[in-house]
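A short write-up of the structure that comes next.
The values are calculated or read from the model by the stated rules, or taken from the named source; none is laboratory data. Since the structure is predicted, the reported quantities are computational estimates derived from the model, not experimental observations. Don't worry about glycine lacking a Cβ; one is built from the backbone with ideal geometry, like all the others, and counts go over all protein chains shown. Note: accessible area is taken over every heavy atom of the protein model, side chains too, but ligands, DNA and RNA are not part of it. Shrake-Rupley method; radii C 1.70, N 1.55, O 1.52, S 1.80 Å.
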Amino acid sequence: MDREKSLSEYLNEIKTTLEETYPGSFYYSGSNDTAVVREWYSLEIPLGFVLLTLSEEKLPKRFSLKDVRNLVKNRFKNYAKEEAKKALKTLKKDPFPYLKLDKLYKILKSVLLEVGVEDLSILEKLRELKKLEDIRQIENELIRFEETFYEFLSKKSPLGEKCKEVAEKKLSPYRIYWHKKVLQLTEKALIKKCLKEAYGIPDFTIL
């Protein structure tokens, strides 16, 4: 979806298009539907995807956005997962660094949707990196962003606590010998490894 479009523009576009496409059937229910639009906007669900999803379903005679909210969202999650699978297969083979950023975006987006994150703003960093011309600078920024992303994922994912428990158990025999800072860094690395394997996340690199 074009992120240059404002929330109000996105709302008006959806409302107007659905009223024209489903005259007499679609109605805008006010604040409830505004909440739906806000969620879809945060998830970057394009209008075209909404229309395609609704065209393939048998809809009620009268419906508002809140009636099709989960239908569209769940279909979009499945779509994002398929896009992520395709991106993952070709990520390492792609010779173009900026296309790798696009593919990494799709993969991480699918992961966040899977764990129920409804605000993808953390991924804006990847869009910002595409504006840089220095490939080495992008690579260094990716390394920093990787740490930020895994910290975010460990808090949002239902596996975060489980991965933490596994890491603590592995480190238990060493707690009386290792320095506190070493333990913290090792625990963070183990949690990252656990989440990375669980969600099939690739290395954050374009080189």
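Output the residue which, of all residues in region 88-133 that are hydroxyl-bearing (Ser, Thr, Tyr) and under 12 Å from the mean Cα position of the chain (by Cα), is surrounded by the fewest Cβ atoms within 10 Å (Cβ to Cβ).
Ser121
Taking helices (runs of 4 or more DSSP H) that fall entirely within region 1-55, which contain at least 3 residues that are farther than 20 Å from Lys109 by Cα and either at pLDDT below 95 or in contact with a Phe, Trp or Tyr (Cβ under 9 Å, 6 or more places away or on another chain) (or both)?
Details: elements: 7-21, 31-42, 47-55.
Passing ranges, in order: 7-21, 31-42.
Restricting to region 70-110, name every residue that is among the hydrophobic types (A, V, I, L, M, F, W, C) and closer than 19 Å to Ile138 by Cα.
Leu91, Phe96, Leu99, Leu101, Leu104, Ile107, Leu108
What pairs can you find where one residue is in region 7-22 and farther than 11 Å from Leu47 by Cα, the other is open to solvent by 70 Å² or more (accessible area, probe 1.4 Å) and part of a helix (DSSP H, G or I), and their Cβ atoms are less than 7 Å apart, with a gap of 6+ or different chains?
Listed pairs, sorted by first residue: Leu7/Arg38.
Would you mind telling me which numbered condition in (1) surrounded by 15 or more Cβ atoms within 10 Å (Cβ to Cβ); (2) out of contact with any helix residue (DSSP H, G or I) (no Cβ under 7 Å at 6 or more places or on another chain); (3) in contact (Cβ under 8 Å) with a residue 60 or more places away in the chain Leu43 fails?
Only one criterion is unmet by Leu43, namely (2).
With at pLDDT below 95, of a type outside the set (Ser, Thr, Tyr) and within 13 Å of Lys188 (Cα to Cα) as the only criterion, which of Lys130, Lys170 stands out? Break it down into steps so the answer makes sense when it comes.
Values: Lys130 fails: within 13 Å of Lys188 (Cα to Cα).
So the residue among Lys130, Lys170 that is at pLDDT below 95, of a type outside the set (Ser, Thr, Tyr) and within 13 Å of Lys188 (Cα to Cα) is Lys170.
Go through (1) farther than 19 Å from Lys5 by Cβ; (2) over 26 Å from the mean Cα position of the chain (by Cα) and name the single condition Asn32 misses.
(2)
So, in region 174-206, of the ones that are open to solvent by less than 50 Å² (accessible area, probe 1.4 Å) and in a helix (DSSP H, G or I), which residue ends up farthest from Lys85 (Cα to Cα)?
Selected residue: Leu183.
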